[in-house]
Structure formats: structure tokens, C-alpha cells
Amino acid sequence: MSKATVWDRASAVTRAGLGARLTSPFTVRALSVMIGVAAWEVYGRAIRSVIFTYPTAIARAFAQLVRAGELWFYLRSSLVVLSLGLLLAIVVGIPLGILVGRRRLVEYVVDPYINALYATPLVAVIPVIVLWLGFQTTAKVVLVFLFCVFPILINTYQGVKSIDPRLVEVTRAFCSSERDLWRDLMLPSSMPFILAGIRLAIGRGLVGMVVAEFYTTITGLGYMIVQYANTFRMDRLFVPIVLLMAMGIILTSILRSFERRLAPWLYIARDE
Amino acid sequence: MKIVVDGVSKRFSSGGTSALQDCRLEVRPEELLCVLGPSGCGKTTLLRIIDGLLRADGGRVLIDGREVMAPRPDIALVFQHFGLFPWKTVAENVAYGLRVQGRRRDEIHEIVPRYIELMGLRGFESNYPYQLSGGMQQRVGLARALAVNPTVLLMDEPFGSLDAQTRELMQEELLRMWRAQPKTLVFVTHSIDEAIVLGDRIALMASRPGTIREVVDVSIPRPRDPEAVRGSARYSELRHHIWSQLRHDVGGRV
């Protein structure tokens, strides 16, 4: 083997190593975001439009709104609505989902309603809810609940339906009571489905929360958006939008990490 | 306890259970009876009917004179698929039967380690089933069944999915355990070798429709050393006889 080919090979290896590092998923993503934000900044500064803004202006507005306490005031009321609605959806959705999955009769009684309501664009019922329940927190919580409950209920039901029938037989062979059956089999086996349902519910819940705030009392991040859009404060308008994006990302990634930790056997089986 | 299978029949169902026709069988108290037959002959269905998990279409099963209507806490089942809960640790899986029977907590804490010890699972208490080999998983399945101290133990091809070496080890362990705590044991298998090594008697099943063709006395003295049994003249004689009985059944379908 000549000297030249050895050298060529060595350099090819280095180049491949460098290339691999440059194209690692994390690097590509980070670069993409950096370039995107930078382009936004440059373009936003260049056009000087009243209906456009750019990242540093948003950051400044963010700092102002935090200092004034305004952001926290609106965020808090949004968080109360979101967490109450989501909690209610979890408390109602999971047991109802198990019940529907376990009992044929309940399934047939309830599933037309579930399918109909899940298919309805819930935005359409907002005026109805407002008429019935007013403009206050109750109405908003109910709206968020309606947005959240279906993915949780339907996923729980799917989880129960996908339970290994051989394990159901094991519980029967050991003369398990129905209550023990829920605890030993139904809940843990459907937990990955339930968590995925909650993850979907959070996304829908955020939508429900903002839309509810558009239509109801003058508070919450949704109200902030309407208010600043009406007054052309583009930098301030983007603060709640970015915040909502961040909430969506953070909440769903927390759920994702739960999913992995709660059902390690699923991932082991898949990795092998 | 004495088990009487009295003319049990079961029609084919879409659920994958095999048909049985007029099965008659008696299992003596504290006997180890092997049910041997080709796959699809209904031996698993028969075992589930004995346990009360399935209802027979005709005939009945009596355990100590009482007809079996539903699973009973004093009858334990060991599954071919192990049937462990993947989200429970080894100790929790072993404790399962005791827990659903509503035993007291301190009682469970006292019993579980005994069976973990007996089945050689010490040190694995807090492992999850997916972290164990097939043989170890079935030890957990056995420990769980034994922990409720059943008077009847039903085993459905428990070693069927294990590799050959693990399988022979588990057979030795089962014999050791059974000698220490005699129980009426019905052991379903499709392995002639396994049936001879373990059984006091062997019920041969024929398929289509599933029925008991013959009950063979093994007559090999206990305690048995599986290796010695396999080398004995009685072993080859039995093996030859059983094979000639089953051959017709298997050959017809291959």
C-alpha cells in the first residue's frame, strides 16, 4: 500500500468524523433555530412595519411586562383555568374510559355521545357555554374541560381495549375482585395510553383556554393577545404567544419523560 | 384432592379453543398426572375447564366431590406464557395471589420471601420480569402459584417456551418442590420425555375431537433422577409405546 492512499484514508476518516458532528440532529436543529431567529430579527428591523416585530423587541416587551407584574397577573388566571380544566378532565376521563372499556353496555350507551362530541368543533359551542355559565372562571374551566376530556377518555378506553387478554385470564384464575383488577391490570397497563392522552389534552387544553379567553372575561393570556392586537402593540402581542408556545413545549415534554419512566418494559421490548 | 373429569365436552369456538368430546379422567390425591398430546388436541382447553376459567358444554369437573363452577383460590394455575405483570417486581408478582386473596400484610411479608428462596430467586426481588431470562420468569410464575399454598396445581405447558437445558433444570426443580410439598398436580405437555420424567401417570390425548385415549402408568420409582430415568429400559419402553399411540394422530396432519 503506497503512502498516498494511507494519507487519503486518514483524511477521509477525519472528514467523516467532522461531517458526522456537523450533521448530528442536535447541531442541525440548533443551527436551524439560530438562523431562523436571526433572519426574523434582520427582516423585522429592515421593514419597520407597525404590524411586524422582531425577537429583541419581543424580549424587551417581555421584560417590561414582567416588571409591571402584568404578565404574571394574566398568566396566573390562565394557569388556574388550564389546570382546573385539565384536572377535571383527568378525574372524569380516566375512570369513565376504563368503565367504557370494561363494560359493553356502558360502551354502547356512551359511545355515540363521545364520538359526536369529539367530532364537534368545540369552538362552536363556546357561545352556548357562555350563555349557560356566564363569563367567569367556571365557563372557562368547563370549556377547557371539554377540550381536554375526549383525548384522555378515548385513549384510556383504547388502553383498556389493548390489555393482554392472557393477563385478564391470570387475574380470573387468581379470583381477583374487580377493584383489584383495576389496580393490578387496567390502570398500569393503560398508563402509557393515558399519558399520551393527557399529552394530547394539554395541546387541546391550551387552544381551549385561549379561545375561551378571547370570548369571555377580560383576563388571561388570550385577553392579552386580543388587547395588544387591537392596539397594534406587536412586540407585546407576541409575548403571550411565545409564552403559550413555551408552555406547550414544556408541559408535553414533561409528560413524555413520564411516559418513558412509567412503562420501561414497553421501550425495552421495542429496543430489542 | 381428587379431581374427576366426568364426560367433559366443549365445542369449537372462534376464540381459539379446541374441541373436546366426552373426556373422562381421574386424578388421584397428591398424584402428578401429565396430560400429553399433540398441539391442538385440546389439552389446554381441558386444563382451563378443570380450573373453572372455561365452562364445559357438557359433562362436569368435580374436585373433592364439588363441581367446579368458577376459579377457586385453592387451585393455582401456571401458564406457558408465564402471565407475569410487567409493571410489578418479582416480589410483587410472587405476592400477587396472596394480595388478591386479601391476606394480611405481615402474613404476605412472611410468605413471599420463603417462596422466593424456594425457587432460587433471592437477589432478584426488585427486578422486573423483562430483566429476567425465560427460565427465571417461570420460576416467578411457579413461586406465585405456590405462595397461595394451593391443594391443586395446574400447569399449562409451563416449560414449553424454555430452551432445552433450562427446561431440564426446571423439571428437576419441579420434582424437588413437589416432593417437599406434595400436591395434586396436573401437568400439560406435548413432550413425551417430560411426561415420562415427571408423571406418575400419563393421560394420552387424541385430537379432533380431543379426548383421552389412554392413561399410562409410568411405574418408575421416586425419587427420580431425570438423567437416570432417561437411561432406563422402562423409559424407552414407555416412549416407544406412547409414540406409537400418538404417531397416528400427528402423522395425519403433518
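Summary of values
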{"read-out": "Nearest-0.05 FRET efficiency for residue A:24 and residue B:39, computed from C-beta distance (R0 56 Å)", "value": "0.65"}
{"read-out": "Farthest positive-ward along the protein assembly as shown dipole, Cα basis, beta-carbon charges - from A:214, A:231, A:126", "value": "A:231"}
{"read-out": "Taking the convex hull of Cα positions in chain B, its mean projected area over all directions (nm²)", "value": "13.6 nm²"}
{"read-out": "Helical mean residue ellipticity (222 nm; -39500 (n - 2.57) per DSSP H run of 4+; nearest 500) of chain A", "value": "-28500 deg cm²/dmol"}
{"read-out": "As computed over the stretch B:26-94, the Cα convex hull volume per residue (Å³)", "value": "139 Å³"}
{"read-out": "Fraction of beta bridges assigned by DSSP in the protein assembly as shown that are antiparallel (%, nearest 5)", "value": "50 percent"}
{"read-out": "Given charges at Cβ of Lys, Arg, Asp, Glu: the stretch B:12-162 dipole, positive-most of B:21, B:38, B:73", "value": "B:73"}
{"read-out": "Chain B, helix-only ellipticity at 222 nm - DSSP H runs n ≥ 4, -39,500 (n - 2.57), divided by all residues, nearest 500", "value": "-12000 deg cm²/dmol"}
{"read-out": "Calculated FRET value between residue A:261 and residue B:181, using beta carbons and R₀ = 45 Å, to 0.05", "value": "0.70"}
{"read-out": "Cα Rg, Dmax (largest Cα-Cα span) when computed across the stretch B:1-127, Å", "value": "17.2, 47"}
{"read-out": "Ratio Rg/Rh [Cα only; Rh per Kirkwood] for the stretch A:100-221", "value": "1.10"}
{"read-out": "Paramagnetic label zone (point 7 Å from Cα along Cα-to-C-beta, residue B:131; backbone N under 19 Å) in the stretch B:92-106", "value": "B:92-96"}
{"read-out": "Point-charge dipole on Cβ atoms (K/R +1, D/E -1) for chain B, about Cα centre, debye to 20", "value": "440 debye"}
{"read-out": "Estimated FRET transfer efficiency (residue A:138, residue A:110; beta-carbon r; R0 25 Å; 0.05)", "value": "0.55"}
{"read-out": "Unsatisfied cross-links (Cα-Cα over 21 Å) in the set B:88/B:183; B:10/B:43; B:2/B:43", "value": "B:88/B:183"}
{"read-out": "Distance between modelled label sites at residue A:131 and residue A:43, nm, 7 Å Cα→Cβ extension", "value": "4.3 nm"}
{"read-out": "Test item: Cα-centred dipole of the protein assembly as shown, Lys/Arg +1 and Asp/Glu -1 on Cβ, debye", "value": "1500 debye"}
{"read-out": "Pairwise label distance in nanometres, residue A:250 with residue A:31, each label 7 Å out on the Cα-Cβ vector", "value": "3.0 nm"}
{"read-out": "Reachable aspartates and glutamates from residue A:161, criterion Cα separation under 17 angstrom, eight or more residues apart if same chain", "value": "A:107, A:111, A:169, A:178, A:184"}
{"read-out": "Estimated dipole of the stretch A:138-221 in Debye, rounded to 20 [Cβ of Lys and Arg +1, of Asp and Glu -1, Cα centre]", "value": "120 debye"}
{"read-out": "Filtered chymotrypsin sites (Phe, Trp or Tyr not before Pro), the stretch A:145-236: DSSP coil and at most 13 other beta carbons within 10 Å", "value": "A:232"}
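Read the figures in this text as sums done on the coordinates, not as results from a lab. A quick note: this is a predicted structure, and the numbers were derived from the prediction, not measured. Please note: Cβ atoms are built from the backbone with ideal geometry, for glycine as well, and neighbour counts cover all protein chains shown.
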